[in-house]
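Data first, discussion second: the structure below is written as structure tokens.
The values are calculated or read from the model by the stated rules, or taken from the named source; none is laboratory data. Values in this document were obtained by computation on a predicted structure and should not be read as measured data. With ideal geometry, Cβ positions are generated from the backbone for all residues, glycine too; neighbour counts draw on all protein chains shown.
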Amino acid sequence: MTPLHLGSPASFGALRAFLQDSGYSEETVCERYGLGAQHEILGSSRPAPPAGKRDAAELLIRLFITGGYAQQAELTQHFPPDALAAAWELGLVTPDESKPGRVYSPVCLYPLRRLFIASDRWTNPDGSPYTPGADVVYPAITRNTYRFLGLLPSAPCERLLDLCSGSGVAALLAASGGARLAWAVDITSRSTRFAGFNRLLNGVANLTALEGDLYEPVAKLAFDRIVAHPPYLPSAATRWIFQDAGVQGEEITRRIVEGLPDHLTAGGRLYCLALGADQRGRPLEDRIRAWLGVAQAEFDVLVAAVETHTPEQIASQPLLRGEITQKEYASRRASFARAEIEAFVYGLFIVQRAGRPGRAPFTVRRQMGARTGSAELEWAVRWESMASSAEAQSLLLESRPARSRDLELCVVHRPREGALEPQDFNLQTDYPFSMESRVPPWTAALIAACDGVRTGRELRAYCVEDGLISDAVPAADFARLLGSLVSGGFLEIEACPLPRSAD
Ligand SMILES: C[S@@+](CC[C@H](N)C(=O)[O-])C[C@H]1O[C@@H](n2cnc3c(N)ncnc32)[C@H](O)[C@@H]1O
């Protein structure tokens, strides 16, 4: 059961118009609460309402975000009659039985980019301790969902599937901003109903919200973009459907990847924000590849890590939060040890179905830096696809590589025979990814010569003339080296320029 009711398009329209006209936006919330981003409002259980303005926006924030009470008279004062009637009809306000004349909202409803999103509350209106139910609708106003949405591409697509959609926020944003058709699938009927409600509230016609286990309700369909923010916390038992995902936390992510051969079209991509494990001798990106089964040669895998955790950190976090016992903690540690887990990687997993046969698939991992966003991730997939094509060698030899302007070359000098000698050469950059690579001295000299004027072929000739490399070094090997320097973000070529949108 959800407290929401599906009203008429006119009711949704009246409410939407009021929310828009009253300046109920992320900017307003951030400005009034002094926040850098709206999700920070979840940091304290009940942030104090800012002193000053008692207008419609303040009422909406109190009622629908911080989750307090309001007087019916305030509603009458600030809501236009049609919007107030709609709020009652849609189940967005309910009387407080303990105090006549007082109301609260049984849900949360917040602005998010150009949309308004309803999800379950995370507090009680009277401030008493709140325990969410197993099927609680995950608030899109969390830091994790903001990260997920921020890493998704904004480019248009044909058919988008949002798996584990919760409030439906990712599918709604896509459907209202570039996807021709979108589907939102969630296993709980509660989340599915909220996604359907949000669809009507935002007047989005090209979205279908379906209830079911991953691909089951869309079994016969294929998509060119699949996005997923699944449950990923290791847990033998499911206490909360939005977070618990089997002993290793990979239960849902693995099944999402296993379904790609049947549901991703050629050239299509999966974007999945989750946690996965590096096992001894089997890094996460290789394991994701293995989950693709016999079709794996058709797919590329890129793991863009946000954070890496030790097994101890992952096992102890729920213990420290008081969610598990010492015995359960010990059992987690033992199961991680049995699975030979060396680290847990939290990040975005991109799986691409290569559009061109004959290209070798790539499997890479990158560490995100402070300026890594969706444009940098798109760049990485585009570049790695080019670099693994048959034309890569000639492309690199004919292009004019230039040093990245974010590059740092750190040279360690050590005393030797009475002088200080340069000995260790380290290339570093934090853009587009955070990368560090120890290179031989001659590679440092090569980088210095990459001025954006000389071609790869001319650079090879320069290195030979200067005695940096032997003439016997094949052009193919030299091109491969240039390619790996571009992959690392140390060099840039015209055919695949870095986005640098953050600048
Ligand atoms: C972390 S929440 C993410 C919700 C939303 N995508 C977001 O980013 O705000 C994970 C969601 O996955 C759903 N879920 C869990 N297991 C599922 C399954 N097997 N199939 C579909 N949805 C599932 C949960 O109900 C929950 O809504």
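Which ones in segment 188-206 are within 16 Å of PRO139 (Cβ to Cβ) and of a type in the set (A, V, I, L, M)?
Result: ALA195, LEU201.
Would you check if THR123 is more than 12 Å from the ligand (Cβ to nearest atom), touching a residue at least 40 places away in the same chain (Cβ under 8 Å), of a type outside the set (A, V, I, L, M, F, W, C) and surrounded by fewer than 23 Cβ atoms within 10 Å (Cβ to Cβ)?
Yes: the conditions hold for THR123.
Out of all the residues in segment 172-199, which are over 16 Å from LEU160 (Cβ atoms) and buried (at least 24 other Cβ atoms within 10 Å of the Cβ)?
SER191, PHE194, PHE197
In this structure, does TYR462 turn out to be among the aromatic types (Phe, Trp, Tyr) and either in contact with a His (Cβ under 9 Å, 6 or more places away or on another chain) or within 29 Å of PRO361 (Cβ to Cβ) (or both)?
In short, no.
When you go through (1) surrounded by 15 or more Cβ atoms within 10 Å (Cβ to Cβ); (2) more than 19 Å from PHE194 (Cβ to Cβ); (3) of a type in the set (A, V, I, L, M) one by one for ALA17, which number turns out not to apply?
Status for ALA17: all satisfied but (1).
Conditions tested, residue by residue: (1) touching a strand residue (DSSP E or B) at 6+ places or on another chain (Cβ under 7 Å); (2) in contact (Cβ under 8 Å) with a residue 40 or more places away in the chain; (3) buried (at least 17 other Cβ atoms within 10 Å of the Cβ); (4) within 19 Å of ALA392 (Cβ to Cβ).
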{"position": "ASP430", "(1), (2), (3), (4)": "no, yes, yes, no"}
{"position": "PHE433", "(1), (2), (3), (4)": "yes, yes, yes, no"}
{"position": "ALA448", "(1), (2), (3), (4)": "no, yes, no, no"}
{"position": "ARG454", "(1), (2), (3), (4)": "no, yes, no, yes"}
{"position": "GLY467", "(1), (2), (3), (4)": "no, no, no, no"}
{"position": "SER470", "(1), (2), (3), (4)": "no, no, no, no"}
{"position": "LEU491", "(1), (2), (3), (4)": "yes, yes, yes, yes"}
{"position": "GLU494", "(1), (2), (3), (4)": "no, yes, no, yes"}
{"position": "ARG500", "(1), (2), (3), (4)": "no, yes, no, no"}
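Test ARG332 against the criterion of being over 30 Å from VAL486 (Cβ atoms), touching a residue at least 24 places away in the same chain (Cβ under 8 Å), touching a helix residue (DSSP H, G or I) at 6+ places or on another chain (Cβ under 7 Å) and charged (D, E, K, R), and give yes or no.
The answer is yes for ARG332.
How many residues does segment 127-150 contain that are surrounded by fewer than 22 Cβ atoms within 10 Å (Cβ to Cβ), under 15 Å from the mean Cα position of the chain (by Cα) and of a type in the set (A, V, I, L, M)?
1
On the basis of being outside the structural domain of THR310 (by TED's automatic domain parsing), touching a Gly at 6+ places or on another chain (Cβ under 7 Å) and not acidic (Asp, Glu), does ARG405 make the cut?
For ARG405, the condition - outside the structural domain of THR310 (by TED's automatic domain parsing), touching a Gly at 6+ places or on another chain (Cβ under 7 Å) and not acidic (Asp, Glu) - is not met.
Looking only at segment 250-274, count how many residues are touching a strand residue (DSSP E or B) at 6+ places or on another chain (Cβ under 7 Å) and within 11 Å of the ligand (Cβ to nearest atom).
Result for segment 250-274: 5.
For LEU264, are the conditions met, namely being aliphatic (A, V, I, L, M) and over 17 Å from the mean Cα position of the chain (by Cα)?
yes
What are the residues in segment 384-397 that are within 22 Å of GLU458 (Cα to Cα) and surrounded by 16 or more Cβ atoms within 10 Å (Cβ to Cβ), if any?
MET386, ALA387, ALA392, GLN393, LEU395, LEU396, LEU397 - these are the residues of segment 384-397 that are within 22 Å of GLU458 (Cα to Cα) and surrounded by 16 or more Cβ atoms within 10 Å (Cβ to Cβ).
Need at least 3 residues that are modelled with pLDDT under 95 and in the same structural domain as THR372 (by TED's automatic domain parsing) per element, so show me which helices (runs of 4 or more DSSP H) inside segment 257-354 make the cut, counting only ones lying wholly within it.
The helices (runs of 4 or more DSSP H) meeting that bar are 311-320, 326-338.
Assuming ILE252 fulfils every condition listed in (1) buried (at least 18 other Cβ atoms within 10 Å of the Cβ); (2) within 20 Å of ALA175 (Cβ to Cβ) apart from one, which condition is it?
Unmet condition: (2).
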